[in-house]
Every structure is written in structure tokens, then in C-alpha cells.
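The values are calculated or read from the model by the stated rules, or taken from the named source; none is laboratory data. On a predicted model such as this, the values are computed, not experimentally measured, just so you know. So basically every Cβ, Gly included, is an ideal-geometry build from the backbone, and we count neighbours across all protein chains shown.
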Amino acid sequence: MLSRPTTDQVLNAMADDLIAVVLPHVSGEAAKVLATQIEQLTRRLARRAAHEIGWMTEEIAAIDAALDRTPDPTNSWHLEDVLDRYSAASTALSDAIAEAFADEDTDRVAQYKALLAQRVVNEQEVLGALELVGRG
Amino acid sequence: MDDLAQMPARVTALLEANGCSNVAVDGYEVMTGGYSRLMAKFNATFTQDGATESGTYVLRGDPPEGQALIDTDRTQEFDVIQAVAPYVNTPNARFLDASGEHIGTGALMIDFTPAESTLPWIEANGISTLPIKLAELAGALHTIPIEALPAALPQPADGDALGDQIAVWHATADDHVEALPIFKYVACWLDAHRPAPVPLGFVHHDFSTANMLVDRQGDLVAIDFELATIGDPREDLGYFKAYSQAAPPDIIDADPDAFLARYREITGYTEDQVNPAVMTYFLVLGVIGVVTQLMGGGGAMARGESGSTNIAYNMDNCLFGQAAWMAATDALTAALDGGS
């Protein structure tokens, strides 16, 4: 496959063209809002495409270490396979959080919250600066 | 509802089906700003019960199948608006097409209010008068007698409004298309840090500047009651603050003491029941009604049951929420119980 320009570079170029070339010719207010939402989403998808497999893999490893889980032996890097492993790790983390709160174990709660903090950092990088469009 | 050629005849059919005669409809135009529903504005003249009426009205209808951002019921919304209109500054609902047989989609016809969107009004006029106006609007909503509200309005089965909302947080964490450990953390945290209770009351559930207008008297007008329930009214204050973080300014922050004093005066709540820390608790708790709908829309899209830019865009915005909720739980842990 031709890997360069990368997915994020292509998506950002599409977002640029949508705003610079297409949007000036859009007349309806609803369509303008939609075009601006598409531009924002496209830029978020560019950031996500560039990092999501790496971020999920790093989070899975951190959760496995914190919960003393045996790492999944699957080594496929296709997105659906990574998503399956990520979902399983997230489910284990959710269960552990509920158990720590039920036990009033503040140390474990703090440990799991630190894992969530990294997830939030990654999510904020995907989101970028929030500028809501489409609401009054 | 976007077919400008057909819609005057469809609106006429709705009015005639409701016993109106001598109907004339013109000036039909699509409106923007109704992010979950289709909106249009038109002029109409009609005779009902021997009285002739002329005015401007708003049509608010469901988007096409599979494109709805959130799934709500027009009949319930119609009944809620008619129930709250005597108590609150809001344009009344006039006619309902529940099945869409006349309009082409489930829709209600509402009086048009000549008012301005809140954020542009603030840019032009400043924010100083609005904390008190907001307290009065919220107080009016939250003191509506429960017996005046539609019987079908959802309410906590055992009277535990906080428990019900926390259960929704848990259900959203557990039932989504993928595990949501941040939602699970927030659900558990909310349960461990409950504030002093208040009696059940009306909850708008999308109480934000996006659903308010400012009328010619400078009073706030509440609109969009599709998510209303009976529950803990403080959910609206928390939701208002959460929304204001994403779309500033925060009217409450312009004068929180004045807002809280006037709100307590109207509702009769004590300082233990409503204070800045409690509002921040509800900043987290109170968003779950809307967030569950947005996440549900994203889940349906992930399962291939629906799909639109709007669904993906708005679910993406829950990422902003996750950061805000975690920051709020951090800040409040010490304030509410001195640790843990």
C-alpha cells in the first residue's frame, strides 16, 4: 500500500478544502453548520487515526499491570482485534473500580483513577479545542 | 418539513384536523438552532371556536428515521409544555401531530416568541442582570406542583432521585457498545458522596443557554422540554454549569451569591441543600440524561442501526464531559467529605 501521505495528512487536507473551497459556496444555514461539524470531526479523526492503536495498546498494558491481568496472547494489530482487547481491558478496569469503591479502598481507587487520567489526556488530544456548532 | 412547497398545505391540514377553519398559512421557512429536532417558522391565520387568530408559530418535528440525535416523544413534550406554560416564561404548545399524518413526521406547533438567543444577547447587553433572571427561571420551573405535571412524566419509582440518576450512570457504563470505565468511576463516586436531599420536583434536563431565549423585557424564556422528568431539580443547575463550561459564559458564575440567594428564596431550599459544592456535584450527576441519549445514539451508529454526522459529532463531545467530570470529582472529594 502507499502509506504516505498518512491517513491523518489526507484527512487534514480534506478538512482544509472543505472550509476553504466548499464552504464559501454553501448557502443554507443548516448545511453550513453540518460542513463545520464535518470539518471538526475530520480533524479529530486525523488525530485519532494517527495514534489510536498505540494509545489503546499502551492503556491495555497499563491496565494489565495494575490489575495483575495476564496479557492477551493475540498479536494481531488489525483495528478490530485491538478494539476487542481494549474492550476486555476496559471491562476489567470497570469491574475493579466498582469493587474498590464497594470495599472503600482509597488506595486502589486512586490507582485506577490514575489510569483513567491517562485516558482523559489521550481523549483531549483527539478532541482538540472544543468549539460547539449547531446549538443556539 | 424541509419541503417549502408542501408545508403550508400540511400545516393547514393539521389546523383543520384540530377544528380550525378559514386557515391561511404563509412565510414558511426552515429555522436553525434546533439541534435535536427539525424546526420551521410560519405565519398563520385561523378561526377556532368562533375566534380568529393571526400570528407567527413554530413547528418542531422529528428528523427522518435513523437520523435522530436523541429519541424522545412529541406527545409527552406537548403535554409538558402545556402543563408548565402557566408557571414559566415559555411559548405555549398549540397543536400536536403525534403520528405525523399531517406534517409527515411527529410534530408540535408552538407559539413563536419574539426573543433573541441568549449568547448573542449577552454579547450585546452584558450578563449582569441574568444571574437573578436565571434564578427566577430555575425557581419557577422547580416549584411547579408535581400534581400539575403530566402523569406520564418519568419519575423515581421509590422517590430516590439521586439513586435513579446514579443507576443511569451505571447502566450507561455497563450497556454501551464498549466498556466505559470513566462512567463507572463517576457512578461509584457519585454514590459515595451524596449531598443532603430535597423534595422531588420538575427537571428540564437540558437546562442551558442553548434552550433559553431573552425576551424584549430582558427576561429569560425556557424552551425545549423533550427531556423533562420529575426528579431532583438541582440536576438542572449542575447541567447548566456543565454546559456553560463547554459554551461559556456561565451566567451563574457572573454572581453566584446573588443567584443562590434568589434561588433559595424561591425554592425554600437551605444552604446545605444548595451551595457551590452541591452545584458542582450536580454538574456531574445532572448531565447523564443528555449524555445517555448521546451515547445511545453513538452505540446505535456503531451497531449499524443509524448514522449521521450529528450523532458522531455530539457523542464526540462527551470526551469533553469525561475530562470535566473527572476534574470535578477531584475538586469536590475534599470539599464534600475531607478526603477519600
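Descriptive notes on the structure:
- None of A:GLU39, A:GLU58 is assigned to a helix (DSSP H, G or I), of a type in the set (Asp, Glu) and within 12 Å of chain B (Cβ to nearest Cβ) except A:GLU39.
- Among the conditions (1) more than 20 Å from B:HIS170 (Cα to Cα); (2) touching a residue at least 24 places away in the same chain (Cβ under 8 Å), the only one that B:TYR313 does not satisfy is (2).
- Exactly one residue out of A:ALA114, A:ALA96 is more than 8 Å from every other protein chain (Cβ to nearest Cβ), under 18 Å from B:PHE183 (Cβ atoms), modelled with pLDDT of 95 or more and surrounded by 13 or more Cβ atoms within 10 Å (Cβ to Cβ), and it is A:ALA96.
- Meets criteria (surrounded by 13 or more Cβ atoms within 10 Å (Cβ to Cβ) and either among the acidic types (Asp, Glu) or more than 12 Å from chain B (Cβ to nearest Cβ) (or both)) for A:ASP72: yes
- Restricting B:VAL186, B:VAL168 to residues that are out of contact with any strand residue (DSSP E or B) (no Cβ under 7 Å at 6 or more places or on another chain) and at pLDDT 95 or above narrows the list to B:VAL186.
- Only listed residue being under 22 Å from the mean Cα position of the chain (by Cα) and either more than 21 Å from B:ALA327 (Cβ to Cβ) or among the charged types (D, E, K, R) (or both), chosen from A:ALA114, A:ALA88, A:ALA129: A:ALA88
- Every condition in (1) without any contact (Cβ under 8 Å) to a residue 12 or more places away in the chain; (2) surrounded by 17 or more Cβ atoms within 10 Å (Cβ to Cβ) is met by B:ASP257 except one, and the failing one is (2).
- Counting only helices (runs of 4 or more DSSP H) that sit wholly inside the stretch B:111-229, those with at least 1 residues that are more than 13 Å from chain A (Cβ to nearest Cβ) and surrounded by 21 or more Cβ atoms within 10 Å (Cβ to Cβ) are B:130-142, B:161-175.
- Identification of helices (runs of 4 or more DSSP H) wholly contained in the stretch B:280-340 with 1 or more residues that are in contact with a Cys (Cβ under 7 Å, 6 or more places away or on another chain), of a type outside the set (Ser, Thr, Tyr) and away from chain A (no Cβ under 12 Å) yields B:288-302.
- Verdict on A:ARG119 being in contact (Cβ under 8 Å) with a residue 60 or more places away in the chain and farther than 30 Å from A:ALA30 by Cβ: yes
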